[in-house]
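K.L.:
Quick one: structure below, then a few questions.
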Ligand code: COS
């Protein structure tokens, strides 16, 4: 397949592949086993310019786009779907500022984010508000020149490691989706702390934690856009970030496939490599075809977003749905191809299956993606 990437995009993909092999691979097992945050890799990624890709040049970024972000996330995830999240989840936390920040907010926050000096996270989900994002109960009450936030966000990727969080809170509970607002919260704001740090099945090299707001003081100038725009900011953010989850899923699928291909060529049973059996060959062909189909989809959706197309919710949902279901199927099949060895933690393949699962769940479960896709169909959008 030829995806007609530019020379620069192919170079970027090669650099990400090299860094993944040279730097990420040696520390992958350790971070996965110990569940530690890969600060050693954040420095490497910052030096390589991975945090600046999608940020405009005037704020210290590279002025590239979602496609470039996807290329990097794909290649890093091909080695470790957990470590790649330091980059991908920072993009998720940064997009609201890019989408709806004013000049002052962009100048204040984007330069440090683009240099990887600080990481970001995105706070929408709450214990009682997951798929039903409009039902959030975290409240922000205006009090002079600041808001007072009370509530709790959960499952926040990069939580407790990031310094900047874009958080959605209710400013007028009587107005439903139009009664929510988005805020930039800095670590260190009075009344802001971290709650439970999660112990996870997969992506164990990524931090996931609660954000706790107890009479947290947030200056009015940290509100993004007008009051009431929070839900829209969140939806537009997810439109832009879901291709990144799809790219993470794609990388995980490709990484598992790489290992399975190598193994089936080497593993001899009944006197020949198992790759020579039709049952195995056809499995590999199906796995590879699904991976390429996901790749074609993700790159084209990322290009749509970078071209400034509107109404990308459906396309972003399709990319996330197809790529994450592919990742789950391909990694499960890869474990199957390794047989008993695939189930053992001595081999890296089971980690790919554990890492794949979350891509069907976060940034909107795949049931929600189907809902988004179907609603667009029914609206004729
Ligand atoms: N772009 C622009 N506008 C959008 C939009 C989008 N992608 N999605 C919704 N809107 C608008 C709608 O057009 C509607 O506008 P009006 O009030 O003018 O009619 C408004 O936002 C409310 O939308 P809707 O009625 O569809 O809201 P619902 O409460 O039914 O929720 C879903 C819609 C299910 C799509 C939303 O709750 C969702 O995405 N849930 C998943 C959340 C998620 O991904 N969580 C993961 C955690 S974040 S990492």
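Please treat every number below as a calculation from the coordinates, not as lab data. Only a predicted model underlies this, so the values are computations on that prediction, with no experimental measurement involved. Here the Cβ positions follow ideal geometry from the backbone for every residue, glycine too, while neighbour counts run over all protein chains shown.
K.L.:
Taking only Cα atoms and a 10 Å spring cutoff, compute GNM fluctuations for the chain and point out the largest among 229, 284, 344.
P.N.:
It is 344.
K.L.:
Take residue 268 and residue 374, extend 7 Å from each Cα along the Cα→Cβ direction, and tell me the distance between the two endpoints in nm.
P.N.:
Computed distance between label sites residue 268 and residue 374 equals 5.3 nm.
K.L.:
What's log10 of I(q)/I(0) for the chain at q = 0.06 Å⁻¹, Debye sum over Cα points only, no solvent?
P.N.:
-0.22
K.L.:
Let me ask another. For region 7-114, count all C-alpha to C-alpha pairs, find those more than 23 Å apart, and express that count as a whole percent of the total.
P.N.:
27 percent
K.L.:
Over region 120-228, how many percent of alpha carbon pairs lie in each 5 Å bin up to the one with the longest distance?
P.N.:
Bin by bin from 0 Å, the calculated values are 2, 14, 25, 25, 19, 9, 4, 2, 0.
K.L.:
Give me the percent of DSSP beta bridges within region 75-210 that run antiparallel, rounded to the nearest 5.
P.N.:
Of all bridge pairs located within region 75-210, approximately 75 percent are antiparallel.
K.L.:
How would you rank 363-374, 249-260, highest first, on the average number of other Cβ atoms within 10 Å across their residues? Walk me through the numbers before you get to the answer.
P.N.:
Working: 363-374: 18.1, 249-260: 28.0.
So the order, starting with the most tightly packed, is 249-260, 363-374.
K.L.:
Could you order peptides 53-64, 200-211 by the average number of other Cβ atoms within 10 Å of their residues, highest first?
P.N.:
Packing proxy ranking, top to bottom: 200-211, 53-64.
K.L.:
Using Cα centres only, tell me the gap between region 141-202 and region 93-117 in whole Å.
P.N.:
The distance from the Cα centre of region 141-202 to that of region 93-117 comes to 17 Å.
K.L.:
If one takes the longest principal axis of the Cα atoms in the chain, at what angle in degrees, from 0 to 90 and to the nearest 10, does the Cα axis of helix 39-48 lie?
P.N.:
90 degrees
K.L.:
Continuing with this model, one more query. Using the alpha-carbon atoms, what tilt in degrees (0 to 90, nearest 10) does helix 7-19 show relative to the longest principal axis of the chain?
P.N.:
Once rounded, the angle reads 80 degrees.
K.L.:
What FRET efficiency comes out for residue 117 versus residue 309 if R0 is 35 angstrom and r is the Cβ-Cβ distance? Round to the nearest 0.05.
P.N.:
0.65
K.L.:
Restricting the count to DSSP beta bridges whose residues both fall in the chain, what percent are antiparallel, rounded to a multiple of 5?
P.N.:
Counting DSSP beta bridges with both partners in the chain, the antiparallel share is about 85 percent.
K.L.:
Rounded, prolate or oblate: which one fits region 287-327, using the alpha carbon gyration tensor with axes a ≥ b ≥ c (rounded when a/c is under 1.5, else prolate when a/b beats b/c, else oblate)?
P.N.:
Note, shape of region 287-327 comes out oblate.
K.L.:
Could you tell me whether region 306-381 comes out rounded, prolate or oblate from its Cα gyration tensor? Rule is a ≥ b ≥ c as square roots of the eigenvalues, rounded for a/c under 1.5, then prolate if a/b exceeds b/c, otherwise oblate.
P.N.:
Since a/c reaches 1.5 and a/b is larger than b/c, the shape of region 306-381 is classed as prolate.
K.L.:
Using 0.36 nm per residue of separation minus the Cα-Cα distance, give me the extension gain between residue 347 and residue 102 in nm, one decimal.
P.N.:
Values: separation 245, 0.36 × 245 = 88.20 nm, distance 4.86 nm.
The residue 347-residue 102 span can extend by a further 83.3 nm.
K.L.:
Compute the FRET efficiency between residue 332 and residue 178 as 1/(1 + (r/R0)^6), taking r as their Cβ-Cβ distance and R0 = 41 Å, and round to the nearest 0.05.
P.N.:
0.45
K.L.:
So, one more: Measure nothing fancy, just the Cα-based angle from helix 278-306's long axis to the longest principal axis of the chain, in degrees from 0 to 90, nearest 10.
P.N.:
The angle comes out at about 30 degrees.
K.L.:
What residue among 329, 175, 236 shows peak mean-square fluctuation when the chain is described by a Gaussian network model with Cα springs under 10 Å?
P.N.:
Among 329, 175, 236, the largest GNM mean-square fluctuation belongs to 175.
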